[in-house]
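J.: Structure below; questions to follow.
The values are calculated or read from the model by the stated rules, or taken from the named source; none is laboratory data. The structure displayed is predicted, hence computed values, not measured ones. Using ideal geometry, Cβ is built from the backbone for each residue, glycine included, and neighbour counts are taken over all protein chains shown.
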């Protein structure tokens, strides 16, 4: 009888504790996703800087950057995806490069998981 009571208590504790553990772990998953985004954006920016060092200008499009990266033995950079499977954006603003992740929804603006991340080339405003 005591074994059955211990088993019931153990199951009850798991049902109470498991949601708390899941909620706490979700914060770590979000932080890990944010770190991946920042690392990916920095890597893409470095890839564009590598292109610029070879050709004295930034690539005009992400496709041009991807082709360059593949031709120079760095194909994994050309295929980076954000934690939701979206591609990163790439644009030239006033002669400066900006790489971005547009969040889970893939659109500019938003909060929480839909917030955007931007990294500008050195010397950008």
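J.: Pull up the stretch 69-108, narrow it to residues that are in contact with a helix residue (DSSP H, G or I) (Cβ under 9 Å, 6 or more places away or on another chain) and in a helix (DSSP H, G or I), then point me to the one that is surrounded by the most Cβ atoms within 10 Å (Cβ to Cβ).
T.: Here the answer is 69.
J.: Same structure, new question: Could you tell me which of the residues 53, 35, 66 is within 19 Å of the chain's Cα centre (by Cα), surrounded by fewer than 13 Cβ atoms within 10 Å (Cβ to Cβ) and modelled with pLDDT of 90 or more? Steps first, answer last, please.
T.: Details: 53 fails: within 19 Å of the chain's Cα centre (by Cα); 66 fails: surrounded by fewer than 13 Cβ atoms within 10 Å (Cβ to Cβ).
None of the others qualify; the one that does is 35.
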